[in-house]
1. If you take just the strands (runs of 3 or more DSSP E) that sit entirely in the stretch 112-229, which of them hold at least 3 residues that are within 17 Å of Val39 (Cα to Cα) and either among the aliphatic types (A, V, I, L, M) or out of contact with any strand residue (DSSP E or B) (no Cβ under 9 Å at 6 or more places or on another chain) (or both)?
2. In the stretch 44-66, what residues are in contact with a Leu (Cβ under 8 Å, 6 or more places away or on another chain) and surrounded by 16 or more Cβ atoms within 10 Å (Cβ to Cβ)?
3. Tell me which of these Pro253 doesn't satisfy, since it passes every other one: (1) at pLDDT 95 or above; (2) loosely packed, with under 15 Cβ neighbours inside 10 Å; (3) within 28 Å of the chain's Cα centre (by Cα).
4. Could you check the stretch 57-83 and list, in sequence order, the residues that are touching a residue at least 24 places away in the same chain (Cβ under 8 Å) and outside any loop (DSSP other than H, G, I, E, B)?
5. Do you know which of the residues in the stretch 158-178 that are of a type in the set (D, E, K, R) and touching a residue at least 40 places away in the same chain (Cβ under 8 Å) is nearest to Leu229 (Cα to Cα)?
6. State all residues of the stretch 89-116 that are among the aromatic types (Phe, Trp, Tyr) and within 17 Å of Gly157 (Cα to Cα); if no residue qualifies, say none.
7. Considering the stretch 190-223 alone, what residues qualify as being of a type in the set (A, V, I, L, M), buried (at least 20 other Cβ atoms within 10 Å of the Cβ) and over 13 Å from Ala20 (Cα atoms)?
8. Residue by residue through the stretch 122-132, note down the ones that are surrounded by 12 or more Cβ atoms within 10 Å (Cβ to Cβ) and within 17 Å of Lys69 (Cα to Cα).
Amino acid sequence: MCWSLVVALGCGAMYPEVRAPVRPFPSAWTPEPPPPEEVVYLEFVEAYIPKRTRDGREWGTRGPASFGKIVVDGREILVTPVNSGSFQPTWPEQRRANYRIRRGADVRIELWDARTIKNRPICLKQLGSLHDEVSPAPVEFVCEETGARVLVNIAPGRPLLGLGMYYELQGSGGVRVTRVVEESPASRAGIGAGTRILTLQGRSVQELDALDIKSLVNANSRTGLEMDLLFPDGKRQSVTLKEEAMYPLVHEPLSLEQ
């Protein structure tokens, strides 16, 4: 039998990807570095839906089946699950994430009813500038034509604490970085997929087993992980990487709810 734990010789080895440590960002700390301006945290907080529909009819015994959408340059980047029967929905199961949105993008905040055969709008709000709405407190949008109100968190990007690096151990091939978080210490140091780690804390990775490598990365990520690197273009460089604020984006497999 061929076990693909870390080193499997002669039978098509597979090497599991390892993530450098990630932890919640302490609430009492100030994120350093701060998030880029174009990285914002978006979340529907709640909505207040009038007792009558947009055309003046009563909702009926079941009430609205509402969901929220944020549309950027014509593309839906956030769609909540449907919340049925509530005139004050909160959508607790929505994805909470950071988004990269360019300044000047066309942005709409929308509230819809899914109860009918064809979804119908409850509130549609065009924003002059999303970035001008960034605030530590929820932002309220009011639709004058229906009286509906929508509260949305439009905040600076929310951080996690870590190196932002994934790697795999390739037996005699050493250690290879498989991917990095876009807004992370690893990315800011120029590390990317395909970068090879030659040494850790002055020790050749060729002399270390899988547990040694993982232990060195984990033990030194807070104080400074010393590495000699070989980049895909052949350049070699020594770097010291230390955990700091990183801002995973919605498409990256890191939850802000650590």
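The values are calculated or read from the model by the stated rules, or taken from the named source; none is laboratory data. Here the structure is a predicted model, which means the values were calculated and not measured. Note that we place each Cβ from the backbone using ideal geometry, even for glycine, and neighbour counts take in every protein chain shown.
1. Working: elements: 120-127, 139-142, 149-156, 160-162, 165-169, 175-180, 196-200.
Per the criteria, 149-156.
2. Phe44, Glu46, Ala47, Ile49, Ser66
3. (1)
4. Result: Ala65, Ser66, Phe67, Gly68, Lys69, Ile70, Val71, Val72, Ile77, Leu78.
5. Initially, the stretch 158-178 is screened for residues of a type in the set (D, E, K, R), giving 158, 168, 176.
Then drop every residue that is not touching a residue at least 40 places away in the same chain (Cβ under 8 Å), which leaves 158, 168.
Numbers: Arg158: 29, Glu168: 14 Å.
Filtering the stretch 158-178 for residues that are of a type in the set (D, E, K, R) and touching a residue at least 40 places away in the same chain (Cβ under 8 Å), the one nearest to Leu229 (Cα to Cα) comes out as Glu168.
6. Pass one, the stretch 89-116, residues among the aromatic types (Phe, Trp, Tyr): 91, 99, 112.
Residue satisfying the conditions is Tyr99 alone.
7. Result: Ile191, Ile197, Leu200, Val205.
8. First pass over the stretch 122-132, keeping only residues surrounded by 12 or more Cβ atoms within 10 Å (Cβ to Cβ): 122-125, 127, 130-131.
Residues satisfying the conditions are Ile122, Cys123, Leu124, Lys125, Leu127, Leu130.
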